[in-house]
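Worksheet: the structure to be examined is printed underneath.
Every number here is computed from the coordinates shown, using simple stated rules; none is lab data. The shown structure was predicted, so the numbers you read here are calculated from the model rather than taken from an experiment. Backbone-built Cβ (ideal geometry, glycine too); neighbour counts: all protein chains shown.
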């Protein structure tokens with residue numbers, strides 16, 4: 001049972017434009033959400049997070065939006081750069097236990 | 001600060017053979033996780049340790065998989081005997097603690113191919 005879903009396996013964007021990656025979840029107990037970035041042959045690295053008490057969190061070119069009623073979050077990258085080309089995983093957890101549930105990932109390609 | 005170390009990086013074995021993976025977490029991190037990532041899927045938690053005790057191993061196939069974290073530092077994950085469907089990347093991660101929202105730091109993973 002996939003509790004975190006990323007329905008777009010891939011996305012291509014021109015350099016300088018906005019990249020929008022989407023994620024949906026089913027478990028209403030999730031209250032913390034993260035995005036991880038993964039390059040080939042490396043482990044995932046933490047990118048940005050958001051708590052359920054917020055609906056937006058920004059860090060430089062990266063912004064995560066959370067819509068709790070829709071159980072949906074999105075990652076915006078503006079402007080997109082070729083170095084952003086990677087697989088992006090959405091993950092969610094509940095307060096107790098710190099177990100993360102990961103989506104299947106979206107492969108982003110930023111075209112120079 | 002050194003990151004999470006894993007070895008080997010790659011392993012190819014035949015089905016029914018045994019294999020072991022090693023992980024050294026970030027110094028001072030109490031919680032250690034082993035994930036299995038099958039091609040095209042997200043990482044799936046296999047087992048979670050808090051110091052040297054098991055917190056959650058509900059998704060570990062215990063008939064063939066085992067893991068230990070002696071002395072609460074390094075950890076090994078073993079598969080015995082391996083099946084074709086065990087082909088995956090095995091990721092180790094660590095965090096400061098398990099309660100609350102502690103960032104997990106991942107190692108580079110071990111890519112296992114079972115022939």
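For this structure, a couple of remarks:
- Take each residue of peptide A:38-44, count the partner chain Cβ atoms within 10 Å of its Cβ, and average: the result is 6.
- According to the Cα-based calculation, Rg over Rh for chain A is 0.95, with Rh computed by the Kirkwood formula.
- Shielding of B:63-71 by partner chains, average beta-carbon count, 10 Å: 0
- When each of the peptides A:4-15, A:40-51 is scored by the mean number of other C-beta atoms lying within 10 Å of its residues, the order from highest to lowest reads A:40-51, A:4-15.
- Fluctuation leader among B:65, B:21, B:49 - chain B, Gaussian network, Cα springs under 10 angstrom: B:65
- For the pair residue A:57 and residue A:3, a Förster radius of 22 Å applied to the C-beta separation gives a FRET efficiency near 0.55, rounded to the nearest 0.05.
- Residue with peak Gaussian network fluctuation, chain A [Cα springs, cutoff 10 Å], from A:93, A:19, A:69: A:69
- Per-residue mean of foreign Cβ neighbours for B:42-50 is 4 (Cβ atoms of other chains, 10 Å radius).
- Overall form of the protein assembly as shown per C-alpha gyration tensor (a/c, 1.5; a/b vs b/c): prolate
- Projecting label points 7 angstrom from Cα along Cα→Cβ for residue B:38 and residue B:97 puts them 3.6 nm apart.
- Computed lengthening from residue B:58 to residue B:71, 0.36 nm per intervening residue step minus Cα-Cα distance: 2.5 nm
- Here the extension length gained between residue A:29 and residue A:46 equals 4.0 nm, from 0.36 nm per residue of separation less the Cα-Cα distance.
- Mean separation of Cα contacts under 8 Å, 6 or more apart, over the residue count of the stretch A:1-84: relative contact order %: 33
- Cα gyration tensor shape for chain B, rounded if a/c is under 1.5, else prolate or oblate: prolate
- Based on Cα contacts under 8 Å between residues 6+ apart, chain B shows a relative contact order of 37 percent.
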